[in-house]
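Undergrad: My questions will all concern the structure given below.
The values are calculated or read from the model by the stated rules, or taken from the named source; none is laboratory data. Because the structure is a prediction, the values reported are computed rather than measured. Cβ placement follows ideal geometry from the backbone for every residue including glycine, while neighbour counts extend to all protein chains displayed.
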Amino acid sequence: MHYFVTGGTGFLGKRLIRALLAAPDSIVWFLLRPSSAARLPELLQYWGEQASRARPVHGDVLQQGLGIDDAGQALLRGSIDHFFHLAAIYDLRADAAAQRSTNVDGTRHALAAAAAWRAGCFHHISSVAAAGLYEGTFREDMFDEAEHLDHPYFASKHAAERAVREQGAVPWRVYRPGLVVGDSHTGETDKADGPYYCFKLIQRIRGLLPPWMPAIGIEGGRINIVPVDFVVDALAFIAHRAGLDGRCFHLTDTATRRVGEVLNVFAHAAHAPAMGLRINASVAGMLPDWLRKGLGALPPVRRLQHALMSDLGLPPGIIALLNWPTRFDNRQAVAALEGSGIACPPLEQYAAPVWDYWERHLDPALRIERSLRSAVAGKVVLVTGGSSGIGLATAGMLAEAGAVTLVCGRDGARLEAARQQVAAHGHCLHTYQVDLADSADCARFVQAVLAQHGRIDVLVNNAGRSIRRAIDASYTRLHDFQRLMQINYFGAVQLTLGLLPPMVAQGAGHVINISSIGVLTNAPRFAAYAASKAALESWSYCAAAEFADVGVKFTVINMPLVRTPMIAPTSVYRDAPALTPADAARLVVQAIVAQPARIATEVGLLGLGVQLAAPQVGQIIMNTAYRLSADSADGGVLDAAAPAASPQLQAMQQLLRGVHL
């Protein structure tokens, strides 16, 4: 058998070619666009020993004759038994013009080529989207009955299938897969769309709640999910059965599920809470059209919707698809597969590998460090307290990513050591000696930085001081509270006020304030420190609201315990779970790339929830920890003779990993 495949370098296409090559006498020609040429070695390796029978043909579906030269046309004319057309845009984010050009015009070009080559059969891989948002059960023999084709993707898939049905020059078969996810055994996939759009929401819920606690979720319409290996196996088998030309086959799961059921299956696979209470997405449809459209036209509503969708990585229009009302009858496909042993497995059987592969390979959070260069290259970034610890680790990552990196600190010798450390890795660090707790010195520093660099694009307020002392040991030490407010709050605010005007003038800027998990948990013995950081947090959120429409972003990081010299005097922290400075720096990098309003650990957010929902319970927990531990040594030096944490306290530290400051 001789085959020709468009879209052979894509998610479905490369797997279909592998399946077609399984026959020892098969030869597969596949269309290779210039933009995909670099992938050829990877594809040949994927096809293994059979790759010698996979032959690239250079061209593009967007061009007449598929852009194939005369020699290629002559080679293929009269040689193709089966023409598989998979090339299409499957991305809901793509604009309407691009989808129509590729999905509709590309299909017409492929049909013309198949007719010119006198191909035996044209196999068109369509989609269940060709039915639109049909109310009820859509059979495989239905086409013109499709309705609600407003979304560009739905409209383009319907128009492409119409072109196949109306051309009349070549025998054809149409296949409409459901929403295709990864391999049912390995979870492997090349893309993350469709059901994957909800994975970040499930991950967020898992981070906020323990798995045994019911969560609030979303309910919606019908959704039909199929694994890629089922689609490929079914497609390859049906294509070779005789007497099926002119028919359409739904490659779908017979067991159609509602959105809420699908979310719960994946929540179980992710060890996340089940969504026991689900709010139906169709509730919004109960509002009068004039009210819904009026609210949607309001700029604040549009901005709020955009921010929420961006935060969860959801494409525009996805909300409307949550109410997908269509069931898909697949009796023709089931009959065609009879005797093959090919059937769509239940979602529960493969949800775990699909989730695991996404979380290990495709979760956007995995690309944060790789995205840092695009976020900061050529930009001016200032990290206060950058001569050691979190600040130095952050500065090193920024300098490596191509940022013009500035750090400041009080100790000139430590600043020089930091500069040399970064220079040893081939990067530049601009150092400034300043005491941010001194208002006059802070003002001088602001003027010097602006004079030399013109602006700061990203400010990381990391410099700070901590005092761990019980209130009953502080009756005569008001100066402790004043000192911490001066550096942790007033110093950071004065510096930010000085650097904000250029950010506003250029319509872009980002201020990251390093706070503490102690603000969320109200940790005892840190009243002075937590209060100063809470003040900075409140200031940040007020500023964020005021500057939200001028391009200046604010992020608060509720940093957990980090193994730095600042915690050295606290003997009970010797064995406590703590981040390394590099781990903490990655949280700062995450803030720079994603620009969220807050970054906090799961335990910190749980602590905040306890404080809000059951403050007396929170006080009992914190009081227990308070009574189990002792005060820290004075003078900032670790007392080697001081007793380590008691077994009871160590057990609590392990139980509440990350709570400590």
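Undergrad: Would you mind telling me which numbered condition in (1) of a type outside the set (Asp, Glu); (2) over 17 Å from residue 456 (Cα atoms); (3) free of Cβ contacts under 8 Å to residues at least 40 places away in the same chain residue 377 fails?
TA: Only one criterion is unmet by residue 377, namely (2).
Undergrad: Using the structure shown, decide if residue 372 is surrounded by fewer than 14 Cβ atoms within 10 Å (Cβ to Cβ), within 29 Å of residue 199 (Cα to Cα), modelled with pLDDT under 95 and of a type outside the set (D, E, K, R).
TA: no
Undergrad: Please count how many residues of segment 396-441 are touching a residue at least 40 places away in the same chain (Cβ under 8 Å), touching a Phe, Trp or Tyr at 6+ places or on another chain (Cβ under 9 Å) and either buried (at least 20 other Cβ atoms within 10 Å of the Cβ) or in a loop (DSSP other than H, G, I, E, B) (or both).
TA: 5
Undergrad: Since residue 142 meets every condition but one in (1) crowded, with 17+ Cβ neighbours inside 10 Å; (2) assigned to a loop (DSSP other than H, G, I, E, B); (3) not acidic (Asp, Glu), which condition does it not meet?
TA: Tallying (1) crowded, with 17+ Cβ neighbours inside 10 Å; (2) assigned to a loop (DSSP other than H, G, I, E, B); (3) not acidic (Asp, Glu), residue 142 fails exactly one: (1).
Undergrad: Does residue 335 satisfy being more than 25 Å from residue 207 (Cα to Cα) and of a type outside the set (Asp, Glu)? Steps first, please.
TA: Working: more than 25 Å from residue 207 (Cα to Cα): yes; of a type outside the set (Asp, Glu): yes.
Answer is yes for this residue.
Undergrad: Next up: Give the residue, chosen from 332, 305, that is in a helix (DSSP H, G or I), at pLDDT 60 or above and not assigned by TED's automatic domain parsing to the domain that holds residue 141.
TA: None of the others qualify; the one that does is 332.
Undergrad: Could you tell me which of the residues 464, 498, 507 is in contact (Cβ under 8 Å) with a residue 40 or more places away in the chain, small (Gly, Ala, Ser) and surrounded by fewer than 16 Cβ atoms within 10 Å (Cβ to Cβ)?
TA: Sole residue among the options that is in contact (Cβ under 8 Å) with a residue 40 or more places away in the chain, small (Gly, Ala, Ser) and surrounded by fewer than 16 Cβ atoms within 10 Å (Cβ to Cβ): 507.
Undergrad: Read through the list (1) more than 20 Å from residue 68 (Cβ to Cβ); (2) touching a helix residue (DSSP H, G or I) at 6+ places or on another chain (Cβ under 8 Å), then give the number of the only condition that residue 110 fails.
TA: With (1) more than 20 Å from residue 68 (Cβ to Cβ); (2) touching a helix residue (DSSP H, G or I) at 6+ places or on another chain (Cβ under 8 Å) applied to residue 110, the lone miss is (1).
Undergrad: Specify the residue that is nearest to residue 595 (Cα to Cα); the eligible residues are those in segment 418-444 that are more than 34 Å from the chain's Cα centre (by Cα) and of a type in the set (S, T, N, Q).
TA: Checking each candidate, the answer is 431.
Undergrad: Then there is this: Working carefully through the options 40, 44, find the one that is part of a helix (DSSP H, G or I) and either acidic (Asp, Glu) or out of contact with any helix residue (DSSP H, G or I) (no Cβ under 9 Å at 6 or more places or on another chain) (or both).
TA: Just a single option satisfies the conditions, and that option is 40.
Undergrad: Follow-up. How many of the residues making up segment 240-286 are part of a strand (DSSP E or B) and either modelled with pLDDT of 90 or more or surrounded by 20 or more Cβ atoms within 10 Å (Cβ to Cβ) (or both)?
TA: Step one: filter segment 240-286 for residues part of a strand (DSSP E or B), giving 248-251, 257-258, 277-280.
The next check asks that each one be either modelled with pLDDT of 90 or more or surrounded by 20 or more Cβ atoms within 10 Å (Cβ to Cβ) (or both); those that pass are 248-251.
Residues meeting the conditions: 4.
Undergrad: From 71, 54, which residue is farther than 18 Å from residue 107 by Cβ and exposed (fewer than 15 other Cβ atoms within 10 Å of the Cβ)? If you could, list the steps in order and put the result at the bottom.
TA: Numbers: 54 fails: exposed (fewer than 15 other Cβ atoms within 10 Å of the Cβ).
Step by step, each of 71, 54 is checked, and only 71 is farther than 18 Å from residue 107 by Cβ and exposed (fewer than 15 other Cβ atoms within 10 Å of the Cβ).
Undergrad: Just name the residue that is modelled with the lowest pLDDT out of those in segment 164-204 that are hydrophobic (A, V, I, L, M, F, W, C) and more than 18 Å from residue 356 (Cβ to Cβ).
TA: Ranking the candidates gives 169 first.
Undergrad: Of the residues in segment 445-480, how many are of a type outside the set (Phe, Trp, Tyr), within 41 Å of the chain's Cα centre (by Cα) and outside any loop (DSSP other than H, G, I, E, B)?
TA: Qualifying residue count, segment 445-480: 12.
Undergrad: Would you be able to tell me the number of residues in segment 211-239 that are in contact with a Leu (Cβ under 7 Å, 6 or more places away or on another chain) and either modelled with pLDDT under 95 or assigned to a strand (DSSP E or B) (or both)?
TA: Count: 11.
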